[in-house]
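Presented below is the structure to which this report refers.
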Amino acid sequence: MMTINDVIRDREPYSVRITETVLEAAEFMASRKIGGVCVLNEEGRLVGILTERDLLHQIVLPRRDPAGLTIKEVMSELRAVIETGDTPHEALERMERIGRRHLPVVDGERWVGMLSMRDLMRVELSEQGDELKLLHEYIQH
């Protein structure tokens, strides 16, 4: 059975510090082409997330200056996390329940990465492709 650890295994865990400016975080996210990032406090503990949606609703639409605001002022609270041993299906259910497209990934008390809806879609497409391949092989034999 596939776990969240399998999904994020080869990925660098991206994060920003709570004291950075929103502009710095947006530049970080844009340079890595990611839609959400985990927010860590000064001790390196997970305290929230910052997403493109946060930037849109908290900065762009109210016309606030991202260079003059810290991430702490606009980040989303932690509503849920997913454990490395959980399944992609459990992650999808959790995302649907809380209405978010990103979930921080933890291994016990330790933050290890971020999971996105895009990651889960890749898993689903891969599994469907494998299933189609098996059915095709079955039909040919």
For the range 26-115, listing trypsin sites (Lys or Arg not before Pro) in a DSSP loop whose Cβ sees at most 10 other Cβ atoms within 10 Å gives K33, R63
Report the charge-dipole magnitude of the chain in Debye, nearest 20, computed about the Cα centre from +1 at each Lys and Arg Cβ and -1 at each Asp and Glu Cβ. 500 debye
Taking the beta-carbon count within 10 Å as an exposure proxy, list S76, S116 from fewest neighbours to most. S76, S116
Running Debye on the range 5-61 with equal point scatterers at the Cα sites and no solvent, what base-10 log of I(q)/I(0) appears at q = 0.21, 0.23, 0.31 Å⁻¹? -0.83, -0.96, -1.33
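So how do I98, I139, I34 line up by other beta-carbon neighbours within 10 Å, fewest first?
I139, I98, I34
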When the chain is modelled as a GNM with alpha-carbon springs shorter than 10 Å, which of G68, G48, G36 fluctuates the most? G68
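Counting other Cβ atoms within 10 Å, which GluC sites (Glu not before Pro) in the range 1-104 have at most 13 and lie in a DSSP loop?
E42, E43, E77
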Go from 0 up to the bin containing the longest alpha carbon distance in the chain, width 5 Å each, and give me the % of pairs per bin. 2, 10, 18, 20, 17, 12, 8, 5, 3, 2, 1, 1, 0, 0
Separation between Cα centres of the range 1-36 and the range 46-93, rounded to whole Å: 11 Å
Taking 0.36 nm per residue of separation and subtracting the Cα-Cα distance, what length does fully extending E42 through R79 add? 11.3 nm
Amide H neighbours of V106 under 5 Å, at least 5 residues apart or on other chains, H built in the peptide plane: list them. I82, E83, T84, V112
The FRET efficiency for Q140 and M1, from their Cβ-Cβ distance with R0 = 35 Å and rounded to 0.05, is 0.80
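The numbers here are math on the coordinates, done by the rules we state, and not lab data. All of these numbers come straight from a predicted model, not from anything done at the bench. With ideal geometry, Cβ positions are generated from the backbone for all residues, glycine too; neighbour counts draw on all protein chains shown.
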